[in-house]
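The structure under discussion appears below in the form of structure tokens.
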Amino acid sequence: MRVAENEPFIIQRDVEAVMVPSGQSITLKLGLAGYITQALGGSFTLYIEGNLYRLSGEQADAIGKEVVRPPTLPPNATEDDVRELAWEQMRGCFDPEIPINIVDLGLVYECKVTPNEDHTRKLDVTMTLTAPGCGMGDVLVADVKEKLAAIPTVQAVDVQLTFDPPWSQSMMSEAARLQTGMNW
């Protein structure tokens, strides 16, 4: 999805979004104008009247963009295939204020795939936040759940937040440290 920096838009229908950084849900009304400040991982960060909002990719048509397509698995996919796709999906989860995905930020500690007797799977994710009081925590957890639940054969997703160990910049990937200038 290609978006020019600060690309203007007009809301084309009433649409639910999330205020950044409070995490509060809000309805953006038809006709509001603003700018797309970030388009990463299938979601958009919108700047409207001095505030930032996160819009999910499933609602992209409300700003004239293409709706995000769901992930696919090959026939007879293994648990390893599902785990690999789950990590890929989580690389599409971004804090609306930081243009780095949560995997490269080092926020995801574990992703476990458990097969069920009916050939569905359950995913258990353990993750953290950059700070315990992060207002976007519930939004990030919901984004992870939404992206993982979209994987074919995944019947349940459980995301547990932990602050043990607490997040530190040393948990970031080398690419993320370079991108933020924190390469020590």
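Results, tabulated for the structure shown:
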read-out: Candidate set from the range 162-184 (those that are in a helix (DSSP H, G or I) and among the aliphatic types (A, V, I, L, M)); member that is farthest from Thr45 (Cα to Cα); value: Met171
read-out: The range 98-121 residues that are modelled with pLDDT under 95, paired with ones that are crowded, with 19+ Cβ neighbours inside 10 Å and aromatic (Phe, Trp, Tyr) (beta carbon under 6 Å, 6 or more apart); value: Asn101/Phe94
read-out: Subset of the range 140-161 that is β-branched (Val, Ile, Thr) and either at pLDDT below 95 or part of a helix (DSSP H, G or I) (or both) - its residue that is surrounded by the fewest Cβ atoms within 10 Å (Cβ to Cβ); value: Val141
read-out: Residues of the range 128-139 that turn out to be modelled with pLDDT under 90 and either of a type in the set (Val, Ile, Thr) or assigned to a helix (DSSP H, G or I) (or both), as a count; value: 4
read-out: Residue within the range 87-96 that is closer than 23 Å to Leu52 by Cα, surrounded by fewer than 19 Cβ atoms within 10 Å (Cβ to Cβ) and free of Cβ contacts under 8 Å to residues at least 60 places away in the same chain present; value: yes
read-out: Unmet criterion (only one of (1) under 17 Å from the mean Cα position of the chain (by Cα); (2) among the basic types (Lys, Arg); (3) open to solvent by 50 Å² or more (accessible area, probe 1.4 Å)) for Lys112; value: (1)
read-out: Sole residue being free of Cβ contacts under 8 Å to residues at least 40 places away in the same chain, more than 20 Å from Arg91 (Cβ to Cβ) and part of a loop (DSSP other than H, G, I, E, B), chosen from Leu46, Leu30; value: Leu30
read-out: Answer from Leu52, Leu73 - the residue that is without any contact (Cβ under 8 Å) to a residue 60 or more places away in the chain, open to solvent by less than 60 Å² (accessible area, probe 1.4 Å) and either in contact with a helix residue (DSSP H, G or I) (Cβ under 7 Å, 6 or more places away or on another chain) or part of a strand (DSSP E or B) (or both); value: Leu52
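The values are calculated or read from the model by the stated rules, or taken from the named source; none is laboratory data. Just so we're clear, the structure is a prediction, and the values are computed from it rather than from any experiment. Quick reminder, even Gly has a Cβ in these numbers, built from the backbone with ideal geometry, and neighbours come from all protein chains shown. Note: accessible area is taken over every heavy atom of the protein model, side chains too, but ligands, DNA and RNA are not part of it. Shrake-Rupley method; radii C 1.70, N 1.55, O 1.52, S 1.80 Å.
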